[in-house]
Amino acid sequence: MKEVTLNNGIVMPAVGYGTWQNRNGEGAVESVKEALKAGYTHIDTAACYHNEESVGEAIRQAIDEGIITRENLFLTTKVWNPDRGYESTLKAFNASITRLGVDYVDLYLIHWPANAKQFDNWEQINLDTWKAMTELYKAGKIRAIGVSNFKPHHLKALMETEVKPAVNQIEYHPGNLQEDIVTFCQDNDILVEAWSPLGTGRVLGDERLQAIAARYNKSVAQLCVRFALQNGVVPLPKSVTPSRIVENLNVFDFEIAEDDMADIRNMAPFGGSGLDADEVDF
Ligand code: NDP
């Protein structure tokens, strides 16, 4: 359960460390380094998080100090919305690896699909972005390519191209499971990653989750991380707090029983971000 294999054979550590809202600076370097020290070997960043320089700096320091090797690290970044399209994606990718200070990334994602609300030719824009990513993949600059926030109707066109998406990173946590997307992806061998696996903290105070977590002597955060794993979804918990960074990875010594899994699965919607890929205008 500690690793998953993507549809192109690449192995990904099954818990990643999220870095959204942790902008460039000493704090970002320190917390990413703390995560690497705690044993995370999978880091999730994005051009729009404005922290690629600090993530890169933390990785360099950790390599210099013998904490990790580049080969043992799985690094993800994403092309931001204004950079969608063929030429601009090539440029954005080069800017990202320059900021990160790396020669390649393990996973590159389209952060959000171009949607019909914003563009008449939304499908072509996504295909053009994908074409650039496919070329970078074939050139060995990216080990796996994928998408984020795509619904099945956004995914369909990409799945008919030469290289199928390996990953779809979507919002996923108790109270917001997006089961239609998860089922479509799992049926089509696309690995689902959970963004906001703790609902950006919004689900942690839920009394029902607290009662279930207490039965395993675990925190609600650990319950959420483990819940994703047991559903075959790769969670990306974020914390800048050293004790929580360690806590969120300490999820491999218990198993949520099937009746508790079902209780969580059956919870009515709550704690969601409200972001809908067909409705967003950014
Ligand atoms: P999470 O769902 O991981 O929740 C993070 C929040 O929970 C922070 O406020 C953190 O506080 C707090 N927290 C973390 N661990 C604990 C704990 N053990 N106990 C109590 N509180 C805790 O947040 P994100 O929304 O950041 O999502 C995770 C990652 O997913 C992002 O960082 C990013 O990498 C990715 N993402 C991708 C998106 C996309 O569109 N592709 C969109 C959103 C996120 P503190 O840091 O202060 O400890």
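Values quoted throughout were computed directly from the atomic coordinates according to the rules given, and no laboratory measurement underlies them. These numbers were taken from a predicted model, which means no experiment stands behind them. All Cβ positions, glycine included, derive from the backbone under ideal geometry; neighbour counts span all protein chains shown.
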In the set E193, E171, E207, which member is over 21 Å from T19 (Cβ atoms) and among the acidic types (D, E)? E207
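Check segment 120-128 and report whether any residue there is buried (at least 23 other Cβ atoms within 10 Å of the Cβ) and either within 16 Å of the ligand (Cβ to nearest atom) or farther than 28 Å from M267 by Cβ (or both).
Within segment 120-128, one or more residues are buried (at least 23 other Cβ atoms within 10 Å of the Cβ) and either within 16 Å of the ligand (Cβ to nearest atom) or farther than 28 Å from M267 by Cβ (or both).
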Is one or more of the residues making up segment 92-105 without any contact (Cβ under 8 Å) to a residue 40 or more places away in the chain, under 28 Å from D281 (Cβ atoms), of a type outside the set (S, T, N, Q) and more than 15 Å from the ligand (Cβ to nearest atom)? no
Could you list all residues from segment 231-257 that are without any contact (Cβ under 8 Å) to a residue 24 or more places away in the chain and more than 21 Å from W195 (Cβ to Cβ)? S243, D253, A257
Name the pairs: first residue in segment 182-203 and under 22 Å from V163 (Cβ atoms), second residue among the charged types (D, E, K, R), Cβ to Cβ under 9 Å, at least 6 apart or on different chains? F184/K151; N188/K164; D189/K164; I190/K164; E193/D44
Which members of segment 172-195 meet the condition of being under 18 Å from A268 (Cβ atoms), within 12 Å of the ligand (Cβ to nearest atom) and buried (at least 22 other Cβ atoms within 10 Å of the Cβ)? Y172, H173, P174
Got a number for residues in segment 200-210 being surrounded by fewer than 22 Cβ atoms within 10 Å (Cβ to Cβ) and near the ligand (Cβ under 10 Å from one of its atoms)? 5
Of all residues in segment 211-225 being within 12 Å of the ligand (Cβ to nearest atom) and in a helix (DSSP H, G or I), which is surrounded by the most Cβ atoms within 10 Å (Cβ to Cβ)? C224
Cβ-Cβ under 7 Å, sequence separation 6+ or interchain: first residue in segment 11-31 and farther than 19 Å from L191 by Cβ, partner more than 12 Å from the ligand (Cβ to nearest atom) and among the aliphatic types (A, V, I, L, M). Which pairs? V29/A58
With a cut-off of at least 3 residues that are within 16 Å of T41 (Cα to Cα), name the strands (runs of 3 or more DSSP E) lying wholly within segment 56-158. 74-79, 105-110
